[in-house]
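The values are calculated or read from the model by the stated rules, or taken from the named source; none is laboratory data. Keep in mind that what you see is a predicted model, and the values were worked out from it rather than measured. Here the Cβ positions follow ideal geometry from the backbone for every residue, glycine too, while neighbour counts run over all protein chains shown.
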Amino acid sequence: MTQLLNGNKLAIDIRKEISKEIEKSIRNKKKRLPHLGIILLGTNSSSLTYVNSKIQECKNIGIESSLIHLPNDSSERELLKEIKKMNNNPLIDGFIVQLPLQKHINSDKIIMSINPRKDVDGFHPENFGKMSLDMKAFFPATALGILTILERYKIEISGKHTVVVGRSRIVGRPISILMSRKNYLGNSTVTLTHSQTPNIDYYTKQADIIITAVGIPGFLTGKMIKEGAIVIDVGITKITNGKKSFLKGDVDFNSVYGKASYLTPVPGGVGPMTRIMLIKNTLIAALNNENK
Ligand code: GUN
């Protein structure tokens, strides 16, 4: 029997908790509402969808958001100028630059230019380094979302073998670091596999927990997992079939459902948790902001 891990339902619970915290620590003290800034370059359809859902999440919870939408051909200098404005604006508590960026832009330079205190994505090397050293920092939202799903469903991580598929900075790398840390919600033995790993199924078959984040629809099949494995599907690919379109994860649902013990569906698994964790990070940034 496979239990589906319902990210939509968990996100509703966490939304309520965050709303309560905003009531207690901000509204009751007559402070300014948290404010998330978003910088988006261009019209990539996935990025537009992600950004709109982040703005919608801010509205749902009742915090402020501002979108700076720059044209596709904006220069690196123009983007850096907008980042500087967000860094210097005391009313912006935290902000993100939606990724991926166009090829003519140096993403490393962009991420490094964000004030780490406002880096609610947790991508700046200061936050990423602190995370790797078990220090307090902003952690990337998707990784936090995965940990929170495991925590709320009381799934033991400690001592388990976790196989992560995909080494992206946004998901694979941070979640592999967090799952292995010597800390609550860690202590897992982690194998990080990627595009250059031969026979990935050799590893996935041994995994107690599999986290797949490669963006290849249906990549992980039932044959690649052991009976009772816990499967976290981070992939979200839009499939268009004629006039119809739908979202498909990295997991081949039909062959994995029934063999795994737990599985996150797509949509409705990790996605809603990522959005709510970004809001949680923004609230933390707001509470840390002395300019309130
Ligand atoms: N693109 C895909 N996921 C993310 C994310 O979590 N943050 C940013 N900034 N860009 C993304």
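A few notes on this one:
- All helices (runs of 4 or more DSSP H) inside the stretch 122-232 with 1 or more residues being surrounded by fewer than 16 Cβ atoms within 10 Å (Cβ to Cβ) and at pLDDT 95 or above: 125-132, 141-152, 200-204
- Odd one out for GLY94 among (1) touching a residue at least 24 places away in the same chain (Cβ under 8 Å); (2) more than 16 Å from LYS118 (Cβ to Cβ); (3) of a type outside the set (Lys, Arg): (2)
- LEU91 closer than 30 Å to ARG27 by Cα, surrounded by fewer than 16 Cβ atoms within 10 Å (Cβ to Cβ) and away from the ligand (no atom under 15 Å from the Cβ): yes
- Residue list for the stretch 105-121, restricted to those being among the hydroxyl-bearing types (Ser, Thr, Tyr) and assigned to a helix (DSSP H, G or I): SER107
- Scanning the stretch 54-81 for residues that are in contact (Cβ under 8 Å) with a residue 60 or more places away in the chain and either farther than 19 Å from ILE284 by Cβ or not β-branched (Val, Ile, Thr) (or both) returns LYS54, GLU57, CYS58.
- Which listed residue is more than 16 Å from the ligand (Cβ to nearest atom) and either acidic (Asp, Glu) or crowded, with 16+ Cβ neighbours inside 10 Å (or both), from ILE63, ILE38: ILE63
- If the condition is being over 23 Å from VAL171 (Cβ atoms) and among the aromatic types (Phe, Trp, Tyr), then the stretch 219-247 contributes no residue at all.
- Residue among LYS226, LYS248, LYS244 that alone is under 23 Å from LEU147 (Cβ atoms), without any contact (Cβ under 8 Å) to a residue 40 or more places away in the chain and basic (Lys, Arg): LYS226
- Filtering the stretch 233-258 to residues that are outside any strand (DSSP E or B) and touching an Asp or Glu at 6+ places or on another chain (Cβ under 6 Å) leaves GLY235, GLY249, ASP250.
- Residues satisfying the stated conditions in the stretch 182-210, i.e. touching a helix residue (DSSP H, G or I) at 6+ places or on another chain (Cβ under 8 Å) and basic (Lys, Arg): LYS205
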